[in-house]
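The values are calculated or read from the model by the stated rules, or taken from the named source; none is laboratory data. Being a predicted model, the structure only gives us computed values, none of them experimental. Here the Cβ positions follow ideal geometry from the backbone for every residue, glycine too, while neighbour counts run over all protein chains shown.
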Amino acid sequence: MPEAEVTYCCAAAKDGNEMWRRNFQALEREEYSSDLSLKARACERSDLVPTAESSIDESIEVAKRLKQFTPQVKKVADIIKVARDEGSTVFTFGNGGSGSTAVHFTSDLMKTATKPNTKRIRAISLNDNMPLTTAWANDSSYDHVFQEPLENLMKPRDVVIAISASGNSKNVLNAIDFARLNGGTTVGLTGFDGGALKEKVALPIIVPSNDMLRIEDTHLLICHLLVRLIREN
């Protein structure tokens with residue numbers, strides 16, 4: 001390529017880069033200004049406040065309706081205390097958000113519920129061993145990912161707590177069936193109409209709501225209540 005053409009191409013490229021840089025900076029300023037404008041308009045929208053407040057009110061109402069299950073909650077706390085005193089194990093499990101609650105609850109049982117100079121709770125969440133869960137799911141069926149570990153670990157008089165908002169998860173029901181047939185004490189935290197789980201467990205606690213998020217919120221509330229009852233009594 002002749003020297004003049006090379007010089008022209010380099011200059012054109014330099015001009016193009018400079019133009020791109022200026023355009024990008026202008027676009028950035030425009031987007032930033034637009035973003036601030038949107039934020040300002042959002043702050044002025046008073047309709048957002050009632051929506052948040054009504055959502056909080058509905059959650060409070062669900063928690064209030066849960067009072068009808070106070071005897072069952074106290075009974076579950078007593079069952080866990082007996083398991084602690086006898087050296088039995090408490091198993092928890094669930095899918096998705098319920099699995100998260102199961103792990104959280106297990107952590108609280110093993111630490112927060114512990115008082116100095118007292119026996120400690122033996123607790124295992126079946127959601128905590130992901131390699132084992134995926135191995136059973138891959139080689140057998142996801143329907144058995146909770147039942148199979150129970151077959152390794154559970155003994156008669158152990159406590160098995162299933163958390164399932166719908167109450168119809170097949171893998172949860174299979175694990176509960178195994179626990180019932182092998183001397184486990186079964187508890188179910190569920191919602192909606194309780195699903196099949198309410199008929200299978202010895203102690204069902206059904207959150208009176210048809211909203212998945214509120215059911216999951218309330219399950220954690222129940223777990224924290226159980227920890228308080230165990231620790232304080």
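Inspect the stretch 205-217 for any residue being more than 27 Å from A113 (Cα to Cα), surrounded by 20 or more Cβ atoms within 10 Å (Cβ to Cβ) and at pLDDT 95 or above and give the result as yes or no. No, because not a single residue in the stretch 205-217 is more than 27 Å from A113 (Cα to Cα), surrounded by 20 or more Cβ atoms within 10 Å (Cβ to Cβ) and at pLDDT 95 or above.
Within the stretch 56-74, can one find any residue that is closer than 19 Å to L150 by Cβ and either assigned to a helix (DSSP H, G or I) or of a type outside the set (F, W, Y) (or both)? Steps first, please.
Step one: of the stretch 56-74, the residues closer than 19 Å to L150 by Cβ are none.
Among the residues of the stretch 56-74, not one is closer than 19 Å to L150 by Cβ and either assigned to a helix (DSSP H, G or I) or of a type outside the set (F, W, Y) (or both), which makes the answer no.
Is there a residue in the stretch 110-118 that is touching a strand residue (DSSP E or B) at 6+ places or on another chain (Cβ under 7 Å), assigned by TED's automatic domain parsing to the domain that holds M212 and crowded, with 23+ Cβ neighbours inside 10 Å? Working first, answer last.
So in the stretch 110-118, the residues touching a strand residue (DSSP E or B) at 6+ places or on another chain (Cβ under 7 Å) come out as 110.
Subset that is assigned by TED's automatic domain parsing to the domain that holds M212: 110.
Restricting the remaining residues to those that are crowded, with 23+ Cβ neighbours inside 10 Å gives none.
No, there is no match, as no residue in the stretch 110-118 is touching a strand residue (DSSP E or B) at 6+ places or on another chain (Cβ under 7 Å), assigned by TED's automatic domain parsing to the domain that holds M212 and crowded, with 23+ Cβ neighbours inside 10 Å.
Taking the stretch 155-183 as the range and being buried (at least 24 other Cβ atoms within 10 Å of the Cβ) and either over 18 Å from the mean Cα position of the chain (by Cα) or part of a strand (DSSP E or B) (or both) as the test, the residues that pass are V159, V160, I161, A162, I163, A175, I176, A179.
Each residue in the stretch 83-100 was checked for being closer than 13 Å to N171 by Cα and either of a type in the set (F, W, Y) or surrounded by fewer than 22 Cβ atoms within 10 Å (Cβ to Cβ) (or both), and 4 of them qualify. Taking each residue of the stretch 51-64 that is touching a residue at least 24 places away in the same chain (Cβ under 8 Å) and looking for partners that are small (G, A, S) with beta-carbon atoms closer than 6 Å, six or more apart or interchain, yields V62/S209.
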